[in-house]
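Values quoted throughout were computed directly from the atomic coordinates according to the rules given, and no laboratory measurement underlies them. Please read all numbers here as calculations on a predicted model, not as lab measurements. Methodologically, a virtual Cβ is constructed for each residue, glycine included, from the backbone with ideal geometry; neighbour enumeration extends over all protein chains shown.
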Amino acid sequence: MERIQLSATPRTVIGKQVKHLREEALTPGVIYGHGFEPVPVQFGTRELETALLRAGSSTLLNIEVAGTPQPYTVIVRDVQRHTLKRYVTHVDMQALSMTETVRVPVSLVLVGESPAVRDLHGMLLQVLNEVEIECLPSALVPSIEIDVTGMVELGSALTVGDLVVPQGIKILTLADEVVVQVSMPEEEEEEVAEVVAPVAEVEVVRKRKEEEVPE
């Protein structure tokens, strides 16, 4: 898996003063992990934003920190953004050991075309967008693909247990959770609703008449 390269410098500005870093086109962050104290760093804002556009929650990054002999192999754990303007205000990165497993969420991506959608005009609904996995950092993948070409009937569904993942990856999300399903076309759902509604109305009217009968 390709790693994203990113440079940083040690950060001495902390607390409320970090807001002034943006005036210098810098964004604060921190690198933490087992066996060392958290390292406050700062990134060039443009370079960081570009890297985050490419990186998902399971993407490895190599962070070269000025004055540090070895780069940190990290994953992005948290990105804080300005409430209105949405620019990054802070980023948390976890340094990984290549010999220790890590738990991360991984995006689910639908591929292919469902015959039930193409031929029967069903609606493809993705219920689950990500699953949590556990693996060594070297086995991390940016996403897991789900082939929907086998979904040939209305009402068919794929669960977490149906996912095919590379060797070395363990899915922690419950196997019976539905990932994607094919529902009926909208017009058929409306017809069912029209049939059910009058029946319900008849039952209500009948109940009212029974209540009106004196004892």
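Just a few scattered comments:
- Ranked packing of 76-84, 131-139, most packed first, by mean Cβ within 10 Å: 131-139, 76-84
- Dimensionless Rg/Rh of the range 15-57 - Kirkwood Rh, Rg from C-alpha atoms: 1.03
- Helices in the chain, meaning DSSP H runs of at least 4 residues, each add -39500 (n - 2.57). Divided by all residues, the mean residue ellipticity at 222 nm is -6500 deg cm²/dmol.
- The modelled label-to-label distance for the pair Thr99/Val152, using points 7 Å beyond Cα in the direction of Cβ, is 5.0 nm.
- Ranking Val106, His90, Leu124 by Cα position along the charge dipole of the chain, where only Lys, Arg, Asp and Glu carry charges on their C-beta atoms, puts His90 farthest toward the positive end.
- Length gained on full extension, Ser7 to Leu136, computed as 0.36 nm times the residue gap minus the Cα-Cα distance: 44.0 nm.
- Angstrom value of the Kirkwood radius, inverse mean 1/r, which spans all Cα pairs in the range 73-166: 16.0
- Crossing angle, helix 45-54 versus the chain [Cα axis fit, 0-90 degrees, rounded to tens]: 40
- Note on Leu84/Gln167: beta-carbon distance plugged into 1/(1 + (r/R0)^6) with R0 of 45 Å gives a FRET efficiency of 0.50.
- Fraction of beta bridges assigned by DSSP in the chain that are antiparallel (%, nearest 5): 70
- Cα centre as origin, Lys/Arg/Asp/Glu Cβ charges: the range 103-188 dipole, Debye: 420
- The length gained by stretching the chain between Ala66 and Glu113 to full extension, at 0.36 nm per residue less their Cα-Cα distance, is 12.1 nm.
- Global geometry of the chain, whether rounded, prolate or oblate, following the gyration tensor of its Cα atoms and the 1.5 cut on a/c: prolate
- Quotient of C-alpha Rg and 2.2 N^0.38 Å, computed over the range 4-96: 1.00
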